[in-house]
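Here is the structure we will look at.
The values are calculated or read from the model by the stated rules, or taken from the named source; none is laboratory data. This structure is a prediction, so every number in the text was calculated from the model and none was measured. FYI the Cβ positions are ideal-geometry reconstructions off the backbone, even for glycines, and counts take in every protein chain you see.
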Amino acid sequence: MLRKSPDVVVKVIDPFGWQPIIALNHLNPPFDNPKLRRALLPALDQKAFVAAVIGEQTELGHVPGGFFADGQPMATHAGLEVLTRPRDLKLAKQLVSESGYGGEPVVLLSASDRPVYSAVSQVTRALFQALGLTVDFQAMDWGSVITRGPVRVRRTRAVGAPSSPPWMGSRCPIPAATSRCGQRQEGLVWLANG
């Protein structure tokens, strides 16, 4: 609608935009199982996640994407073949079955007041359910999501400040799934703005 207005100029100001990242908690079940983590790869479709966020504005989305966004000095497509070959949901379901996954719940927190995180969380839930994972999907406001921070390896931040999960390194991501501090973190999925 804005693009059709003669007195309005629509342009991209931030060429890097948002780069949501799905990070699985590999420290606790069920994602401590490398076979289960690898089983997800044939089904992960970056285009589905991007489409959920940008809709018909396809010129705003760029796939494939690695850890660094296209245009950044360290960006590369090396190793992304696992995400760029044709998606195979049937193979992924078979690999999940062969991984020994026992139905442990995967907690997925969705920030319902943050449209990008909410859209990515919805796609994640649908994908995980299609693969036969038990998903404990919890929609809540952003403030509630960030109060459910991970158990920290080092306490270097003020109490209540968001912190990287220990498996993500020291950069502060934006959590989309976690458990209460001090509790065991089972099957957690974090969505981070890279």
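Take residue 2 and tell me if it is out of contact with any His (no Cβ under 6 Å at 6 or more places or on another chain) and within 25 Å of residue 116 (Cα to Cα). Quick ask: steps written out before the conclusion?
Working: out of contact with any His (no Cβ under 6 Å at 6 or more places or on another chain): yes; within 25 Å of residue 116 (Cα to Cα): yes.
In short, yes.
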> Do you know which residues across the range 103-130 are part of a loop (DSSP other than H, G, I, E, B) and more than 16 Å from the chain's Cα centre (by Cα)?
Replying inline: 103, 104, 113
>> Suppose the filter is over 23 Å from residue 116 (Cα atoms) and surrounded by fewer than 16 Cβ atoms within 10 Å (Cβ to Cβ); does residue 64 pass it?
In response: no
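When you look at residue 39, is it within 27 Å of residue 142 (Cα to Cα), surrounded by 15 or more Cβ atoms within 10 Å (Cβ to Cβ) and under 19 Å from the mean Cα position of the chain (by Cα), yes or no? Reasoning before the result, please.
Details: within 27 Å of residue 142 (Cα to Cα): no; surrounded by 15 or more Cβ atoms within 10 Å (Cβ to Cβ): yes; under 19 Å from the mean Cα position of the chain (by Cα): yes.
It is false that residue 39 is within 27 Å of residue 142 (Cα to Cα), surrounded by 15 or more Cβ atoms within 10 Å (Cβ to Cβ) and under 19 Å from the mean Cα position of the chain (by Cα).
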> Which condition number does residue 48 fail, the rest of (1) among the aliphatic types (A, V, I, L, M); (2) under 20 Å from residue 121 (Cα atoms); (3) without any contact (Cβ under 8 Å) to a residue 24 or more places away in the chain being met?
Replying inline: (3)
>> Exactly one condition in (1) closer than 15 Å to residue 129 by Cα; (2) among the charged types (D, E, K, R); (3) in contact with a His (Cβ under 6 Å, 6 or more places away or on another chain) is false for residue 70; which is it?
In response: (1)
> So residue 163 fits all but one of (1) surrounded by 16 or more Cβ atoms within 10 Å (Cβ to Cβ); (2) at pLDDT 85 or above; (3) in a loop (DSSP other than H, G, I, E, B); what number is the exception?
Replying inline: (2)
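Name the residue, out of 95, 91, 109, 133, that is more than 17 Å from residue 21 (Cβ to Cβ) and either acidic (Asp, Glu) or touching a strand residue (DSSP E or B) at 6+ places or on another chain (Cβ under 6 Å) (or both).
133
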>> Of everything in the range 117-129, what is crowded, with 18+ Cβ neighbours inside 10 Å and more than 11 Å from residue 139 (Cα to Cα)? Give them in sequence order.
In response: 119, 120, 123, 124, 125, 127, 128
